[in-house]
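The values are calculated or read from the model by the stated rules, or taken from the named source; none is laboratory data. Note that the structure is predicted; figures quoted are calculated from it, not measured. Here Cβ is always computed from backbone atoms with ideal geometry, including for glycine, and neighbour counts include all displayed protein chains. The area values use the complete protein model at the heavy-atom level, side chains included, leaving out ligands, DNA and RNA. Shrake-Rupley method; radii C 1.70, N 1.55, O 1.52, S 1.80 Å.
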Amino acid sequence: MRVSFTVNGRRQEADDVWEGESLLYVLRERLGLPGSKNACEQGECGSCTVRLDGVPVCSCLVAAGQAEGREIVTVEGLADFARQRSEHTGCATGACNSVGGDGISLDEAQRWAAKGQDSQTGEGAELSPVQQAFIDAGAVQCGFCTPGLLIAADEMLERNPNPTDADIREALSGNLCRCTGYEKIMDAVRLAAARQSEAV
Amino acid sequence: MGTTGTPTNITQGSGTRGGIGESTLRPDGTLKVTGEFAYSSDMWHEDMLWGQILRSTVAHAEIVSIDTAEALATPGVYAVMTYDDLPTEVRHYGLEIQDTPVLAHGKVRHHGEPVAIVAADHPETARRAAAKIKVEYRELPVITDEASATAPGAVLVHEGRTDHHIGHVPHPNIVHRQPIVRGDAGQAALGADFVVRGEYTFGMQDQAFLGPESGLAVPAEDGGVELYIATQWLHSDLRQIAPVLGLPEDKVRMTLSGVGGAFGGREDLSMQIHACLLALRTGKPVKIVYNRFESFFGHVHRHPAKLTYEHGATKDGRLTHVKARIVLDGGAYASASPAVVGNASSLGIGPYVVDDVDIEAIALYTNNPPCGAMRGFGAVQACFAYEAQMDKLADAVGMDRVAFRQLNAMEQGSLLPTGQRVDSPAPVAELLRRVKAMPLPPERQWLSAGEDADVRQLPGGLSNTTHGEGVVRGIGYAVGIKNVGFSEGFDDYSTARVRMEVVGGVPVATVHTAMAEVGQGGVTVHAQIARTELGVAQVTIQPADTRVGSAGSTSASRQTYVTGGAVKNSCELVREKVLEIGRRKLGTYHPAWATAELLLEGGKVVTDGGEVLADLVDVLEDEAVEVEAEWRHRPTEPFDLRTGQGDGHVQYSFAAHRAVVEVDTELGLVKVIELACAQDVGKALNPLSVVGQIQGGTTQGLGVAVMEEIIVDPKTAKVRNPSFTDYLIPTILDTPTIPVDVLELADDHAPYGLRGIGEAPTLSSTPAVLAAIRNATGLQLDRTPVRPEHLTGTA
Ligand code: FES
Ligand code: FES
C-alpha cells in the first residue's frame, strides 16, 4: 500500500508498504530517518518515541497505515520544531507563557519544515534547548536511548515548564536507558527547564 | 550509491584547553542528539538484503535432519545456509576455546543456538522463510547444574575436548577450575571465636544494552568483505571471522559502527560471521539486526552462581580465615568462562586482609544459555556473597558493620590471597568512611512535597499501594575490589596512530585507534590526551577500524588505561619528532632549544619555564608527523593451577556503596531511595564521564538486586522471559539519586595515575541494596535478585 504523511514538516510518501510494517520501520527503512531507534519493538523501551499529531507515541506500536495523513515529529526535526515553536511563542520549550498549554497547533506544524543537515560531524548544528542540555549535562553515553528521551522530555517541558523531580521521573518512565543510571538525564531536563525560565 | 551510515571523522576543537582533568563534552554528542549518529542497525546499502537466523527451539538435541527446500523456494529469498554450506574446514569460533559452531552441526547444546541462516529482500520475508525450515530434533537429557553435570554417566556437553583446561579439570563438564590456597584455613579456623557460613545464589543477569546486535556486510570486488559492526574488540572479531570465511585478515575490513551499549555482551561474536557468509554467498550487501527477543539469545549473559562461604573472626574482630566454593554456570559454550573463574577466585574474599584462605572456583558446561563477560566479570558474584558474610560476621562479633570492614580492610602493601602485593593506593577504609559520612535522605521522604504522600516516592509507586503504612527503612553498606585490565599473563596491549600537521593555518592532531567506543567516552578522553600532550586545540578522532593495530577490548575497565596509555605514548613520540624538526629548523635562534625541557602548549613550543620558542605552525610548516606504536602495561603472570599463587593482576579498582531502601513489608515491594557511592579513580581524566560511569554501573547493580533475572526452566533449559516485558531493567522511577564522592589517589604505575573505573561500582551496589533490605526486614535473603515473594514469605 501507499502511505503518506508529514514528517518534520515535509510531506512524505512511501510505496509498497506491507500492512504489518510499523511507523518506526517506515521512518527508518523507507524514509531514511533512522534517528528513531528500535530497541524492543514492544512498546517497552521508548527508544522509538516520536510525536504523532503532537502526542508522544512508541512508533514501533503504530501501524504505518495509522499514520496516514498525520503529522510526525522525529528527533531529526526536533531542533527545527523547537525553533519554530520558539518563534511562535517566544519560548523554545513551548512552555514559557502558557502553563499547561497544548503545544503548537496542527496548522502551525504544517507550515514548517526541517532543514537538511549538511554538516558531516554535526558541529555547529543548531540544537533545541533539550538537545543542548543533554550534551552539556553528560546525559548521553551510548546515545541509543537519547532520541526517544529527547522527544519525551521536550514534550513534557512544553506542558510543564517547572517540573519537580517526581514529575520528570514520571514523564520519562517509559524510556529505558541502560548506560547512565538516569542521574545525568535528570540533570539535563532540570538544566533545560532552568535555562528556559531564565530566558523568560 | 555507497554505504549509508559509514562513520566519519569527528573533529572537536574550540578555544578551551580541553585537556585531561576537564569535563570536556563528547565529540559525538551533537550527532547523537540530532539522530545523525549511525548505529550498526542504521546502516543501509542500496540493494541490500536482510539476514535472519533460525535458532533451536530446544536446549539439547541431536539434529536428525534439516530441510531448507521450502524456505529456499520462497519468493524474495536469495540464500539459505546450514553447517554443510560453510566454505572452509574452520567451522567453530570462540574467545579462548574454539568450541562454538558457526551453525549447529549434528547437535544443539542450548535453547536459541543458530541452526541456519537466510537472506531475503525484506526482513519479514527472511523471518517467514526461516520459519519454513524444517528441523527434526531428537531430544537429549539436559544438563542444568553441578549435580547433573557431574553425575555418574552424565551426558558430556562437549565430547572429545582438547582445550588446554581439560588436563586439570575434575570432569569434562567443567570448563575450568581454579583453587586459591594460602596459609592453612583449616588450622586458622581453630583460632576463630566466631564462624559464619552461608550459601548464596546469584541469578542470571543480562547486559540488556539498548542497541541490539546488528551490522552490515558488503562484499568487495577483491573477493573480500567490508563489515560495519557494533563490537567491543574489532581485532578479536577479525581473528575469529576470517578463518571461517577462508579469507586472509586483510580481506575482512572491519569498521566500527555506532554501538548502543555493550557491558560485556559484545565480546563474543554474534551475527558477524553470518552476515559475511550471506554477503559472500549472494554477492549482495547483507544487513542483520536482532530484535530484542533474539538479542536475549544472541549474546552471553552474566554467569549465575552458587557460592558457599565460611568466614571466621576473633573476639576483637580480626578475620581468621575464609573458605569458599564458587560454582559458575557457564552454559553450553566456554566464552570467557575461564577468565571469569580466575577473577571470581582471585578476588573471592574481597578487599580484606586474610592470611589463611582456601577458595575453589569452577565454571560448568551445561545446556543453559552460554555465559561470559558482563561488567564486573566474576568479581560481582563473589562480592555479593562475601559482603553478606561480612555483615553476618560483624553481627556475630557484635561490631558495627562498617567498623568491622574497616578493621579488616586491605591497604597499600597488603597481600591478596594470590600472594600478589597491592602496590598502589587501596583506600578501602576511607571509601567506607566517606560513603557513611554522606547525609542521609530525610525520613518519610515521600512527604517532602507537602501534607499528602507522593506515591511516586513510595514502594509500589503509581500503583498507589501504600501511603506509608507498612513501609520500613533499611540501610546497607558494601565495598568491593575489581581488577583492571586483562589478567593472568595475557599480552594486553593497545595501538595508537597519532598524526600532527597544520590544517588551515592551525596545528591539528589526528588520533586513530581501533578502540570500540561503546558509550563510555573513550573518544572524549583521547581528544583530551592529545590536547594535553600536543598542545593543540583541535583534535580529529578517526573512526575505529582494522586499518590500524589492535586496541584490545573495551572491557575489564581497561580502555582509558591501555588505549589511553597508547594515545599518550604515541603523542609523546610525535612530540619528540616535532621538537626534532624544531631543533633542526630553528635551534640556532635560541639556546633553550638545546638545553631546556620543552613542551607543546597552546599551539606553541614552550620551555618548562613558560618561555615561548616557536609557533607549531612555523615548526611544522607543511610537514606532517605521524607515529603508530603499541603500548603495554606491566606484564602479569598466570595463577598456579594448584595454589592460585601468582602476580596475576595489573591494577585494582575500589568502590563502596551505601544503600537506603524503603520496603513495603506487606506486599514485598522495595523502593531504593538512595544509592551513594564513593570510589577511588586514581585520576579523573574527565570528571563528568567518570561520574556517569559510576552512576550507570551502580544502576546495573541495583537491577540485579531487585529485578533483573533471566529465568531458565530447570526441566527444559529453555529461557522463559526473553523480552523487556518480562526481563525488567531499572526505569527512571526505579532508580534513586546516586550521590558520588570521587577520590583521586594516583597509581604511579598507570598513565596520569588513573584507575580503570567502569566496573567497580557494579560490584558493591548489589550487596549494599541486599544489606539494606535485610536491615529493613530482618530476613536472611541469600539470593539475588530479591522478589516480592522472598519478602512476604510466599516464595
Ligand atoms: S522500540 Fe518502541 S518501545 Fe521499544
Ligand atoms: S545512553 Fe546508552 S542507553 Fe541511554
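With every protein chain kept in the model, how would you rank B:S148, B:S335 by accessible area, 1.4 Å probe, largest at the top? Intermediate results must be reported in sequence, preceding the final value.
Numbers: B:S148 30, B:S335 10 Å².
Descending accessible area places them as B:S148, B:S335.
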Handout entry: Buried accessible area, chains B and A (both chains, 1.4 Å probe, Å² to nearest 100)
Key = 4900 Å²
Exercise for the section: Name the long-range amide H neighbours of B:R783: under 5 Å, sequence gap of 5 or more, or other chain; modelled H, no Pro or chain starts. Expected result: B:T201
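In debye to the nearest 20, how big a dipole does chain B give about its Cα centre with +1 on each Lys and Arg Cβ and -1 on each Asp and Glu Cβ?
Values: 67 positive and 98 negative charges, 154 e Å.
Magnitude of the dipole: close to 740 debye.
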Exercise for the section: Would you mind checking A:K37/B:K683; B:K284/B:K568; B:K306/B:K671; A:K37/B:K482; B:K323/B:K715 for any pair whose Cα atoms are more than 29 angstrom apart? Expected result: A:K37/B:K683; B:K284/B:K568; A:K37/B:K482; B:K323/B:K715
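Could you compute the FRET efficiency for B:S65 and B:R583, with r as their C-beta to C-beta distance and R0 at 56 Å, rounded to 0.05?
Approximately 0.15, to the nearest 0.05.
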Practice task
Name the long-range amide H neighbours of B:L49: under 5 Å, sequence gap of 5 or more, or other chain; modelled H, no Pro or chain starts.
Solution key: B:V286, B:K287
Practice task
Assuming a ≥ b ≥ c are the square roots of the Cα gyration tensor eigenvalues, decide whether chain B counts as rounded (a/c under 1.5), prolate (otherwise, with a/b larger than b/c) or oblate.
Solution key: oblate
Exercise for the section: Measure of size requested: the Rg and Dmax of the stretch B:140-199, with Cα atoms as the atom set and Å as the unit; please supply both. Expected result: 17.0, 50
Completion exercise
Between the residues B:Y752, B:A373, B:H633, the Cα farthest towards the positive end of the dipole of chain B, that dipole coming from +1 and -1 charges on the beta-carbon of Lys, Arg, Asp and Glu, is from B:A373
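How much net charge surrounds B:G298 when only other residues with a Cβ under 14 Å from its Cβ are counted (Lys, Arg +1; Asp, Glu -1)?
Neighbourhood net charge equals -3.
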Problem - Whichever aspartates and glutamates have a C-alpha closer than 18 Å to that of B:K251, once near sequence neighbours (fewer than 8 apart) are set aside - result: B:E221, B:D222, B:E226, B:D237, B:D545
Practice task
Counting helices only, and only those DSSP H runs with n ≥ 4, report the 222 nm mean residue ellipticity of the protein assembly as shown as the sum of -39,500 (n - 2.57) divided by its residues, in deg cm²/dmol to the nearest 500.
Solution key: -8000 deg cm²/dmol
Completion exercise
Each label sits 7 Å from Cα toward the beta-carbon; between B:D355 and B:A151 the label points are separated, in nm, by 4.5 nm
Problem - Derived scalar couplings ³J(HN,Hα) [the stretch B:506-512; Karplus, 6.51 cos²θ - 1.76 cosθ + 1.60; whole Hz; x for Gly, Pro] - result: 10, x, 10, 9, 10, 10, 10
Handout entry: Residues whose placed amide H lies under 5 Å from that of B:I711, excluding near-sequence neighbours
Key = B:R720, B:N721
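Under 8 Å for C-alpha pairs, at least 6 residues apart: give me the relative contact order for chain B, rounded to a whole percent. If you can, show how the numbers build up before the last one.
Values: 2106 pairs, mean separation 128.0, N = 795.
It rounds to 16 percent for chain B.
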Practice task
Could you tell me which of A:F5, B:Q178, A:T146 has its Cα farthest along the dipole of the protein assembly as shown towards the positive end, charges placed at Cβ (Lys, Arg +1; Asp, Glu -1), taken about the Cα centre?
Solution key: B:Q178
Handout entry: Candidate lysines - alpha carbon under 17 Å from B:K718, same-chain residues fewer than 8 apart omitted
Key = B:K107
Problem - Under Karplus coefficients 6.51, -1.76 and 1.60, residue-wise ³J(HN,Hα) of the stretch B:625-642 in Hz, glycine/proline x - result: 10, 9, 9, 10, 9, 8, 9, 10, 7, 5, x, 10, 9, x, 7, 4, 6, 9
Fill in the blank from the handout: Percent of all Cα-Cα pairs per 10 Å bin for the stretch B:320-443, counting from 0 up to the last occupied bin, reads 12, 36, 32, 16, 4
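I'd like to verify something in chain B: which complete DSSP H helices, judged by Cα projection on the helix axis, reach 24 Å or more and average at least 0.5 on the Kyte-Doolittle scale? Present the calculation step by step, with values, prior to reporting the outcome.
Values: long enough: B:379-397 (26 Å, 0.39); B:559-586 (38 Å, -0.37); B:687-706 (29 Å, 0.72); B:760-777 (27 Å, 0.58).
For chain B, where a helix must reach 24 Å along its axis and average at least 0.5, the hits are B:687-706, B:760-777.
Could you give the size of the charge dipole of the stretch B:735-795 about its Cα centre, using +1 on the Cβ of each K and R and -1 on the Cβ of each D and E, expressed in debye and rounded to the nearest 20?
Details: 4 positive and 7 negative charges, 79 e Å.
Value, rounded to 20: 380 debye.
Dipole size in debye (nearest 20) for the protein assembly as shown around its Cα centre, Lys and Arg Cβ +1, Asp and Glu Cβ -1?
On the way: 85 positive and 128 negative charges, 192 e Å.
Result for the protein assembly as shown is approximately 920 debye, rounded to the nearest 20.
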Exercise for the section: Straight distance only, please: which aspartates and glutamates reach the Cα of B:K436 with their own Cα at less than 20 Å, same-chain residues fewer than 8 apart left out? Expected result: B:E387, B:D391, B:D395, B:D400, B:E411, B:E662, B:E674, B:D680, B:D741, B:E744
